[in-house]
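Quick note: the coordinates plus some simple rules give every number you see, no bench work behind them. What you are looking at is a predicted structure, and each value in this text was computed from that prediction instead of being measured. Using ideal geometry, Cβ is built from the backbone for each residue, glycine included, and neighbour counts are taken over all protein chains shown.
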Amino acid sequence: MKKKALILGIETSCDETAVAVLEESTETVPNLLSNIVSSQEEIHKKFGGIVPELAARSHIDKIDLIVKRALKKSGRKLKDIDAIAVTGGPGLIVCLSVGLNFAKALAMTLKKPLIVVNHLEGHALSPKLITDLRYPYLLLLISGGHSQYLAVKNLGKYKRLGTTIDDALGEAFDKTAKLLGIKFPGGPFIEKFAARGNKDRFDLPKPIINKGGCNLSFAGLKTAVLKISKSIKNNQDKNDLAASFQKTIEEILVKKTKIAFDQFKKISQTKNNFFVIAGGVAANNKIRNKLEKVSFEENFIPIFPPLNLCGDNAAMIAMVGLEKFKLKQFSKLDAPANPRWQLDKKAVFLKGAGVKL
Ligand code: KG4
Ligand code: ZN
């Protein structure tokens, strides 16, 4: 019997040191043997954001240990590994370099292929760890650094339909949380505060809601939150602002998702319209519910990765690694880190004031 491919995945693009072991399977989904995520939340909390040098230093301190733990949990030995998949970008260069150099050294020592993976492709393929998802599908990627609608045509083949022209959605959640006095990363807490608030109390703007196709913008919203936050006096005010923010985001995403649905249908000839929502913000329950509802209304089948695979992890990197391994898409040992690696190479850079939509 042919040996089932065993992939070691490594992720260090930002503030999680993560390692996973994934085994090929004859079943519909591969076998995730271990998936260790070591967060640096405690290190960065007091700075109100990620400090790249501290993040890189922590990756250096921990990577060896996390690899050992992931292997131990998987019950496999290093010599059984068939390829090393590692995040090459996008992300913080000092952080990416730690994982990449470690993976290169390992690949060289074991004489096994190195597979450099795009972090965003990891998020894009994360549902394949739990379901038999076929190409093409529509992807909404909402994380701390990215907010994009993409048509996923095949492995490595992406067409960007829309992107944020300023802040990423996770960033907007974190900044709003900070203004409400919630410690970094505050995104997940907004939802909790919002549940106790009056969502109709504050009327917040929805930037570019009626223009720019399915492009997104959150900067104006943040400015409005900043102004209101100055007049906040008590917990009820805080909850009401969180609830109004959460509601506004839901409305923006529902409207823009409908536009993305239309654009996706025009370019893809598929009977089954799958809609994958991935990235850290996809853990937001109310956003999940709203996007699920609009999907069914518009004949799309919504797919969410389970909550533990929404945030950064190495299982998703190993998943892409496995698909590339099957196609023998290996990387050279001198492959550089690529901090601004885009999924759609033809997509134009859309950011900042003066952007024409
Ligand atoms: O994908 P991710 O773990 O890292 C990046 O690649 O950016 O996403 C992290 C982001 C953070 O901004 C965090 O505040 C946000 O996802 N996030 C949430 C929730 N859980 C995580 N935002 C809103 N609601 C949540 N429940
Ligand atoms: Zn991510």
Checklist entry - Applying 1/(1 + (r/R0)^6) with R0 = 56 Å to the Cβ-Cβ distance of Arg134 and Ser38, what FRET efficiency is obtained, to the nearest 0.05? => result 0.95
Next on the checklist: Using DSSP to call loops (not H, G, I, E or B), can you name the trypsin sites (Lys or Arg not before Pro) in the range 265-318 whose Cβ has at most 16 other Cβ atoms within 10 angstrom?
Outcome noted: Lys271
Checklist entry - For Ile228, Ile249, what ranking results if the residue with the fewest other Cβ atoms within 10 Å of its Cβ goes first? => result Ile228, Ile249
Item to check | Rounded to 5, percent antiparallel among DSSP beta bridges of the range 135-304 | outcome: 60 percent
Item to check | Helix-only [θ]222 nm of the chain, DSSP H runs n ≥ 4, -39500 (n - 2.57) each, per residue, nearest 500 | outcome: -13000 deg cm²/dmol
Checklist outcome for this item: So the pair-distance distribution of the range 261-309, from every Cα-Cα distance in 10 Å bins, comes to percents of 26, 50, 23, 1
Checklist entry - Which ordering of Tyr135, Tyr149 is given by a fewest-first count of other beta-carbon atoms within 10 Å? => result Tyr135, Tyr149
Checklist entry - DSSP loop GluC sites (Glu not before Pro) in the range 277-357 with at most 16 other Cβ atoms within 10 Å of their Cβ, which ones? => result Glu298
Item to check | Share of alpha-carbon pairs per 10 Å distance bin for the range 58-112, given as whole % | outcome: 22, 54, 24, 1
Next on the checklist: Checking a compactness column here: for the range 190-314, what do you get for Rg(Cα) / (2.2 N^0.38 Å), N being the number of residues?
Outcome noted: 1.17
Checklist entry - Using the beta-carbon distance between Lys2 and Arg340 and R0 = 30 Å, what value does 1/(1 + (r/R0)^6) give for FRET efficiency, to the nearest 0.05? => result 0.20
Checklist entry - Each label point is 7 Å from the Cα along the Cα-to-Cβ direction; what then is the distance between the points at Phe189 and Lys153, in nm? => result 4.4 nm
Item to check | FRET efficiency, 1/(1 + (r/R0)^6) with R0 45 Å, evaluated for Ile232 and Ala105 via beta carbons | outcome: 0.30
Checklist entry - With the Cα gyration tensor of the range 91-175 giving a ≥ b ≥ c as the square roots of its eigenvalues, does the rule (a/c under 1.5 for rounded; else a/b larger than b/c for prolate; else oblate) give rounded, prolate or oblate? => result oblate
Checklist outcome for this item: Its Cα gyration tensor gives the range 137-187 an equivalent ellipsoid whose semi-axes in whole Å, largest first, are 28, 10, 6
Checklist entry - If amide H atoms are built 1.01 Å from N in the plane of the peptide, which residues on other chains or at least 5 residues away come under 5 Å of the amide H of Leu161? => result Tyr149, Leu150, Ala151
Checklist outcome for this item: Rounded to the angstrom and largest first, Cα extents along the principal axes for the range 144-261 equal 50, 28, 22
Checklist entry - Can you pull the semi-axes for the chain, root of five times each eigenvalue of the Cα gyration tensor, sorted largest first, whole Å? => result 34, 24, 18
Next on the checklist: If you take every DSSP beta bridge fully contained in the chain, what fraction is antiparallel? Give it as a percent rounded to 5.
Outcome noted: 60 percent
